[in-house]
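Structure first, then comments.
The values are calculated or read from the model by the stated rules, or taken from the named source; none is laboratory data. Given the structure is predicted, the values throughout are model-derived calculations rather than measurements. Virtual Cβ from ideal backbone geometry, glycine too; neighbours counted across all protein chains shown. To get the accessible areas, we keep the full protein, side chains included, count just its heavy atoms, and leave off ligands, DNA and RNA. Shrake-Rupley method; radii C 1.70, N 1.55, O 1.52, S 1.80 Å.
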Amino acid sequence: MTRRLIITIVGVSLLSGCSSKTDDVTSKGTKYQAADSGDETPAAPAPDAPSAAPMTANAPSPASPTSDPTAAPAVDGMLDASDPAPTGLAPLADDASLETTLAYFEKTNDALRQLMSGQSAFTTQAAQIAEAKRISAEKLAAAEHAIALPDIQPATLTVARRTKLEALSQLAGLQDVAAAEQLEAYATELAASDDPDLVNDSRVVRLGFELDKIRTGQSKSTDQLLALVGEFQASDRELGMPAFYALQQSFGVLSQYDYNDAARAVRDAIASKFANHSDPQIAGSAKMMAAAAKFDNLDKLHANLGGEEAAGAEQWQAAIDELVAQPIDVSTFQYLAGLALSSEGSANPDVVKVIYDAIRKTFIGSENVAPEIAAEAEAFLAASDNRREAIGQPLDIQYPDLAGGELDWNAFRGSIVLMPFWTTSRPESLQIIPGLQELEKEFEGKVKILGVNLDDSDEELAEFRRRFRSTFPNVRNPDRASQGVRDPLATQLGLASFPFAAIVDADGNVAKILMGPQMEIRDVITKMIEAKP
């Protein structure tokens, strides 16, 4: 089985330095970017991307499985004829001394760093991956050579064993199935080591495998994972970044796959183990995770919203009262704002009212709330009022299209109009567009799309249009002073979160306003067509 998570969990990714002498690990998120094409419509992130947060803040929202930006790249094609032969690093001699072998470890690390930094002569991804596999295999062979040398000292033996663990991890991250199997067995072997650093490294790797089993559906039990978390927590040593990052990923994966009790247990372990860490960055992150515990009760209620065991308005009110009785800060507003937006389209309007009333009561006119938070709350509530007031009202579009041409809004009369608001600066605003295009095809002749662009940068929009060709018309406010999120049309319809779309009926009136990636647009359209064939 392919192990895509391992290389990141272990903290020895090819992009992180590949050094056997460090416990540092770096994680770099990927920016949304589509492949160059002049004929394609705007691409979108995976349909299971996280829910949108309000534009006024990055509020939490119900977690869902996301794509793994740290997965090793796939080989896109054959090696290019222009690529050089993989002769950059020669194999270690069979009779190499210990000193020569240790120096060779660093040579393999340097070669990998150079390769993945783009400084090598390899011009294709396939060639880079092939060479990375070769170098990692040489590193593995060198580590095994050192381990087998007689009279090797314990400290040096630890370096050799860790190097073997790194090499196996790198190969596993490059989709070497045999290396992944060997890695799991070797990590289990190191769990019995007398060296506490190796034992910790072993836990990090084994935790990665347990996460992998949960993500791939091989295991529905979190018992073994939580046992490893308990070992981290019980350690009398200050743990480094790899362990912290592994536990953070555990919390994220468990949350994404709805193992909420286990996720909270991991979060609590992180808070207790790392809140007083000597690294201020680690300590700060751990304290932020600990602070999130105050949202647990509302998280549980939200998880069941719309289900058979959904709580009523009274239970929601009690949970919110408990939350706002604690010291109020921006995270409280961000959380409640995200909760309000994600609950707005639910089947229980009484619950939605409770949440919005709590925001108004807690953050407007209170001496205990900072002025900047109160201002955000006022803008958030004003957008909510605008959404409510827009329903049933006629909509008149006077904006030109993206090329500056005049749009005939009357030509859309008689059709249901799906109106997504999008901007190149907010990739999540684009993720619903492929789904809208499918609906336009499915309900051909009855449904049309009209996009509303909110870019305030001509250059970024021009670059986007160069790379993509839209299959539907788009309009944009020509007034530079009120472009972007200040757009009057966006304000009129109460834009507060991306993705965001308005649905206009055949008579030109606003029928529905939807937010978030899980919009139930098909149901809305079907009901509208059935009501007025």
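Residues that are out of contact with any Ser or Thr (no Cβ under 8 Å at 6 or more places or on another chain), surrounded by fewer than 22 Cβ atoms within 10 Å (Cβ to Cβ), modelled with pLDDT under 90 and not in a helix (DSSP H, G or I) occur in segment 425-437; there is at least one.
Looking only at segment 171-211, count how many residues are under 22 Å from LEU112 (Cα atoms) and open to solvent by 40 Å² or more (accessible area, probe 1.4 Å). Residues meeting the conditions: 5. I want to confirm something. Restricting to segment 300-329 and keeping residues that are within 22 Å of ILE373 (Cα to Cα) and assigned to a helix (DSSP H, G or I), which single residue is most open to solvent (accessible area, probe 1.4 Å)? Among those residues, the one meeting the criterion is GLU322.
Considering each residue of segment 243-251 in turn, at least one proves to be farther than 21 Å from ASP296 by Cβ, modelled with pLDDT of 90 or more and open to solvent by 10 Å² or more (accessible area, probe 1.4 Å). Just one of the listed residues (VAL475, VAL485) is surrounded by 14 or more Cβ atoms within 10 Å (Cβ to Cβ) and assigned to a strand (DSSP E or B), namely VAL475. Considering segment 368-412, the residues that are of a type in the set (S, T, N, Q) and over 24 Å from GLN334 (Cα atoms) include one that is surrounded by the fewest Cβ atoms within 10 Å (Cβ to Cβ), namely ASN410. For segment 473-514, a residue qualifies if it is within 20 Å of ILE433 (Cα to Cα) and small (Gly, Ala, Ser), and the qualifying residues are GLY484, ALA490, GLY494, ALA496, SER497, ALA501, ALA502, ALA511. Criterion applied to LEU149, LEU165 was being in contact with a helix residue (DSSP H, G or I) (Cβ under 9 Å, 6 or more places away or on another chain), among the hydrophobic types (A, V, I, L, M, F, W, C) and open to solvent by less than 10 Å² (accessible area, probe 1.4 Å), and the one residue passing it is LEU165. Within segment 122-146, the set of residues being among the hydrophobic types (A, V, I, L, M, F, W, C), open to solvent by 40 Å² or more (accessible area, probe 1.4 Å) and touching a helix residue (DSSP H, G or I) at 6+ places or on another chain (Cβ under 9 Å) comprises ALA137, ALA141. Scanning segment 277-294 for residues that are at pLDDT 90 or above, surrounded by 19 or more Cβ atoms within 10 Å (Cβ to Cβ) and not β-branched (Val, Ile, Thr) turns up at least one hit.
Against the list (1) touching a residue at least 12 places away in the same chain (Cβ under 8 Å); (2) under 29 Å from GLU189 (Cα atoms); (3) assigned to a helix (DSSP H, G or I); (4) not polar (S, T, N, Q), the condition ILE152 fails is (3).
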